């Protein structure tokens, strides 16, 4: 909608993971180097974690595009499956027949396939996205796959990609065998304020016009604060900032405009924790602390060291925190809808002035 006004060839802040827009921050450069090293050295297990929207999928897509002909890849995205289903999905991704095959046959077929690929000088690679959703049974199945090896190297390289909860799962005592097999581990951190600025102008440049807009002093810092430095949230905020600027026919992004849009479109946890610029106390911190304590209590009750009455008390406290967060979300949603109505009304007026109209 706004590309022509800002002299852009495409939308710079799409939410879709696009390797063309991969911005290598310090932590992304480190992750890419770790992936490259792990593949060259034949590491059996590689672990990549990061928050939702931190750029894991974009990074992996770029990595996949750069794989040479000596690799054959299987990628699993649906991880809400049991161990047998996971094994079948892996075989299917490698092009093996799975119809009517029981678990033993699937294991034998996969083993024969991997040996054949090894003999042909081909490296089979298994990438499992959203790995934090894997059950204990599925994780054990993956561990067993890592046993497939020759006297010199692994027959299958496995890359686990997931949210920070995956790290927490692997820290469990029951996961120690799998954890000890991880040769390379890297976590994607959030962007710093300076990196957010570089990220924004990098994407504008890739979209055709690095000077599409100018930012008032402090505007990018606001975007960083309300996005928490998460690339996907930066994209969401900036997309609506450009839409708002287009509706007002301006290429200069004022602090007021950016703050208003960021407060309406930023992550609810970041909004709850941001407060005004004066440094007002955050509500997000106590909510996260209650969640942390609740998780600890669940671990305790599973081990039999916590009374059920205390767990119920903790759940009640957490429920109250969620209710307050829901109210914050509802308030922000109402404000967002009102602003969108105003923006669409302005756009409609401009288009009608040109003899056009927008069908809503």
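The values are calculated or read from the model by the stated rules, or taken from the named source; none is laboratory data. This structure is a prediction, so every number in the text was calculated from the model and none was measured. Cβ atoms come from the backbone with ideal geometry, glycine included; neighbour counts cover every protein chain shown.
Would you be able to tell me the number of residues in the range 28-47 that are in contact with a helix residue (DSSP H, G or I) (Cβ under 9 Å, 6 or more places away or on another chain) and either in a helix (DSSP H, G or I) or under 25 Å from residue 197 (Cα atoms) (or both)?
So the count comes out to 6.
Can you name the residue in the range 242-254 that is modelled with pLDDT under 95 and in contact with a helix residue (DSSP H, G or I) (Cβ under 6 Å, 6 or more places away or on another chain) and, of all such residues, is nearest to residue 195 (Cα to Cα)?
The selected residue is 244.
Picking from 77, 63, which residue would you name as being surrounded by fewer than 13 Cβ atoms within 10 Å (Cβ to Cβ) and either modelled with pLDDT under 90 or closer than 14 Å to residue 130 by Cα (or both)? Break it down stepwise before answering.
Values: 63 fails: surrounded by fewer than 13 Cβ atoms within 10 Å (Cβ to Cβ).
Going through 77, 63 in turn, the sole match is 77.
Taking only the range 4-27 into account, find how many residues are outside any helix (DSSP H, G or I) and in contact (Cβ under 8 Å) with a residue 40 or more places away in the chain.
Initially, the range 4-27 is screened for residues outside any helix (DSSP H, G or I), giving 4-18, 22-25.
Among the residues that remain, those that are also in contact (Cβ under 8 Å) with a residue 40 or more places away in the chain are: 5-15, 17-18, 22-23, 25.
Selection size over the range 4-27: 16.
State which residue is surrounded by the fewest Cβ atoms within 10 Å (Cβ to Cβ) when the search covers only the range 133-167 and only residues that are under 16 Å from residue 46 (Cα atoms) and without any contact (Cβ under 8 Å) to a residue 12 or more places away in the chain.
Among residues in the range 133-167 that are under 16 Å from residue 46 (Cα atoms) and without any contact (Cβ under 8 Å) to a residue 12 or more places away in the chain, the one surrounded by the fewest Cβ atoms within 10 Å (Cβ to Cβ) is 147.
Each row is one residue, and each column tells you yes or no for (1) under 30 Å from residue 225 (Cβ atoms); (2) within 23 Å of the chain's Cα centre (by Cα); (3) at pLDDT below 90.
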residue	(1), (2), (3)
159	no, yes, no
168	yes, yes, yes
174	no, no, yes
183	no, yes, yes
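Here are 172, 188: which of them is within 30 Å of residue 124 (Cα to Cα), in contact with a strand residue (DSSP E or B) (Cβ under 8 Å, 6 or more places away or on another chain) and either surrounded by fewer than 21 Cβ atoms within 10 Å (Cβ to Cβ) or in contact (Cβ under 8 Å) with a residue 60 or more places away in the chain (or both)? Give the steps one after another, and end with the answer.
Values: 172 fails: in contact with a strand residue (DSSP E or B) (Cβ under 8 Å, 6 or more places away or on another chain).
Criteria check complete, one pass: 188.
Within the range 191-235, how many residues turn out to be in contact (Cβ under 8 Å) with a residue 12 or more places away in the chain, under 23 Å from residue 8 (Cα atoms) and surrounded by fewer than 17 Cβ atoms within 10 Å (Cβ to Cβ)?
Summing the residues that are in contact (Cβ under 8 Å) with a residue 12 or more places away in the chain, under 23 Å from residue 8 (Cα atoms) and surrounded by fewer than 17 Cβ atoms within 10 Å (Cβ to Cβ) in the range 191-235 gives 5.
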